[in-house]
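J.: Got a structure here, written out as structure tokens. Questions coming.
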Amino acid sequence: MNGFDKGPILVTGASGGIGGATVRHLVKAGAKVIANGRNGEALDALSKETGCDTLAFDLESEDEVRGALENLDLYGVVNCGGFGGEIATPMETDISVFDKVISINARGALLVTKYASQSMVRLGKGGAIVNVSSQASLVGLRGHISYGSSKAALDNITRVSALELGEFGIRVNSVNPTVVMTPMSAWYWGRPEVQGPFLDTMPLHRWATEDEIAAPIVFLLSDGASMISGVTLPIDGGFSAV
Ligand SMILES: NC(=O)c1ccc[n+]([C@@H]2O[C@H](COP(=O)([O-])OP(=O)(O)OC[C@H]3O[C@@H](n4cnc5c(N)ncnc54)[C@H](OP(=O)(O)O)[C@@H]3O)[C@@H](O)[C@H]2O)c1
């Protein structure tokens, strides 16, 4: 038993690459899934393919998040919605981009955690939350002042939420992937002069696939991970270990 019969799982960022793969893996594992994003067409296509429900809202709007999640029965959440922002140093960062990256990646995930966890506590069945963070929160990556800061904030949201929600049987974890060649990352990491030196330093010497991120997310949501809470799990081919 994986525990996915205890209630629906909300996946934000489901209209994107990693979120879409996560929905497919969860449905295959027998979960009832509610897929979120803003792009209605992409969500409709995913629903047609997998049978998931859809729920569009903007992660930047507390009114929209509250309206969508208040009184929605949930067992689990995957906070996967995200924005790459800019490649910039601390000397040249565009602070309006920094604000937007923080607003979606950290503030948006916290808003979802806030309203989803209220329902999970009310239902009293426990639950699991997985935050899709990044390798960029674990080490200093050139050009990643905004994105890395937003994911470091997300990892702290994971730790404090794990502490506060543990007494309700709700586990909260982060996964910290290396690069997956989705539109968010390909324009930068796909450049030979960026890709080559980076992969040289990584023990597995290759980028991750969407499926290789989705599978550990599903594990962390499942009863197989019932004693795991508060971790930041690198899915990075060993990059942050060496
Ligand atoms: N790709 C990588 O290399 C990589 C590596 C490590 C971590 N990650 C993280 O993995 C997650 C998914 O990334 P991805 O590569 O799958 O990106 P993606 O294909 O660009 O998808 C991004 C998703 O976030 C949603 N989103 C963005 N802004 C939103 C907002 N204001 N409100 C609601 N939804 C919003 C998008 O929805 P709409 O398009 O419908 O608006 C889309 O579903 C992100 O958190 C990212 O930071 C990615």
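Since every read-out is calculated from the coordinates, none of them should be taken as a lab result. Keep in mind that what you see is a predicted model, and the values were worked out from it rather than measured. As a convention, Cβ positions derive from the backbone with ideal geometry for all residues, glycine included, and neighbour counts pool all protein chains shown.
J.: Normalising by the residue count of region 152-242, find the relative contact order in percent from Cα pairs under 8 Å and 6+ residues apart. Show your work: numbers first, answer last.
T.: Details: 106 pairs, mean separation 38.7, N = 91.
Worked out over region 152-242, it gives 43 percent.
J.: Counting only C-alpha contacts under 8 Å and six or more residues apart, can you give the relative contact order of region 9-229 as a whole percent? Could you put the intermediate results ahead of the total?
T.: Values: 391 pairs, mean separation 44.9, N = 221.
Normalised by residue count, the contact order of region 9-229 is 20 percent.
J.: Counting only helical runs of four or more DSSP H residues, what would the 222 nm mean residue ellipticity of the chain come to if each run contributes -39,500 (n - 2.57) and the total is spread over all its residues?
T.: On the way: 9 runs with 104 residues, N = 242.
Per the formula, -13000 deg cm²/dmol.
J.: Can I ask one more? Only counting other Cβ atoms within 10 Å, I'd like Glu212, Glu193, Glu92 sorted with the fewest neighbours first.
T.: Ordered by Cβ neighbours within 10 Å, fewest first: Glu193, Glu92, Glu212.
J.: What number comes out for the charge environment of Ser61, summing +1 per Lys or Arg and -1 per Asp or Glu over other residues with Cβ under 14 Å away?
T.: On the way: positive: Arg38, Arg66, Lys100, Arg107, Lys114; negative: Asp58, Glu60, Glu62, Asp63, Glu64, Glu70.
Here the count lands on -1.
J.: For a label point 7 Å from the Cα of Ala56 along Cα→C-beta, name the residues of region 18-48 whose backbone N is under 14 Å from it.
T.: Counting backbone N atoms under 14 Å from the label point, the list is 35-47.
J.: Once you wrap a convex hull around the alpha carbon atoms of the chain, what is its projected area averaged over all directions, in nm²? Spell out each step's value before the answer.
T.: Working: hull surface 50.2 nm².
Taking a quarter of the hull surface, the average projection is 12.5 nm².
J.: Using only Cα atoms and rounding to the nearest 10 degrees, what angle (0 to 90) does helix 109-123 make with the longest principal axis of the chain?
T.: Once rounded, one gets 20 degrees.
J.: A further question follows. Using the count of nearby Cβ atoms within 10 Å as a rough guide to exposure, how do Met184, Met227 rank from fewest to most? Provide the component values of the computation, followed by the final result.
T.: Details: Met184 19, Met227 6.
The most exposed by this proxy come first: Met227, Met184.
J.: Using a 10 Å cut-off around each Cβ, can you sort Ile217, Ile34 from fewest to most neighbouring Cβ atoms?
T.: Details: Ile217 28, Ile34 22.
By the 10 Å Cβ count, ascending, the order reads Ile34, Ile217.
J.: Give the long-range amide H neighbours of Val77: residues separated by 5 or more places, or on another chain, with amide H under 5 Å away, using H modelled in the peptide plane at 1.01 Å from N.
T.: Leu10, Ala128, Ile129, Val130
J.: Which ³J(HN,Hα) values, rounded to whole Hz and listed in residue order, are derived for region 225-238 from phi using the Karplus coefficients 6.51, -1.76 and 1.60 in 6.51 cos²θ - 1.76 cosθ + 1.60 with θ = phi - 60°, glycine and proline given as x?
T.: 10, 5, 10, 10, 8, x, 8, 10, 9, x, 10, 9, x, x
J.: Cα-Cα pairs above 19 Å in region 1-139: how many percent? Please report the intermediate quantities before stating the final value.
T.: Values: 4882 of 9591 pairs.
Considering region 1-139, 51 percent of its Cα-Cα pairs are separated by more than 19 Å.
J.: Oh, and also: Let me know the volume per residue of the alpha-carbon convex hull for region 64-120, in Å³.
T.: On the way: hull volume 4.2 nm³, N = 57.
Cα convex hull per residue, to the nearest whole number: 74 Å³.
J.: Report ³J(HN,Hα) in whole Hz for each residue of region 137-150, in order, from the Karplus equation J = 6.51 cos²θ - 1.76 cosθ + 1.60 where θ = phi - 60°; Gly and Pro get x.
T.: 8, 8, 9, x, 10, 3, x, 10, 4, 6, 4, x, 5, 5
J.: Right, another one. How far is it, in nm, from the label point at Thr201 to the one at Ser226 when both lie 7 Å from their Cα along the line to the Cβ?
T.: Taking the two extended label points, one gets 4.1 nm.
J.: Is any residue of region 15-34 close enough, with backbone N under 16 Å, to a label point placed 7 angstrom from the Cα of Ala186 along the Cα-Cβ axis, and if so, which?
T.: Hits in region 15-34 for Ala186 at 16 Å: 16-21.
J.: Give me a comma-separated list of calculated 3J(HN,Hα) values for region 26-34, in order, Karplus coefficients 6.51, -1.76, 1.60 applied at θ = phi - 60°, integers in Hz, x for any Gly or Pro.
T.: Coupling constants for region 26-34: 5, 4, 4, 7, x, 7, 8, 10, 10 Hz.
J.: Continuing with the same structure: Output the 0 to 90 degree angle, nearest 10, between the alpha-carbon long axis of helix 192-201 and the longest principal axis computed from the alpha carbons of the chain.
T.: 70
J.: Counting pairs on different chains as well as pairs 8 or more places apart, how many Lys pairs in region 9-229 have Cα atoms under 26 Å apart?
T.: Lysine pairs meeting the criterion: 9.
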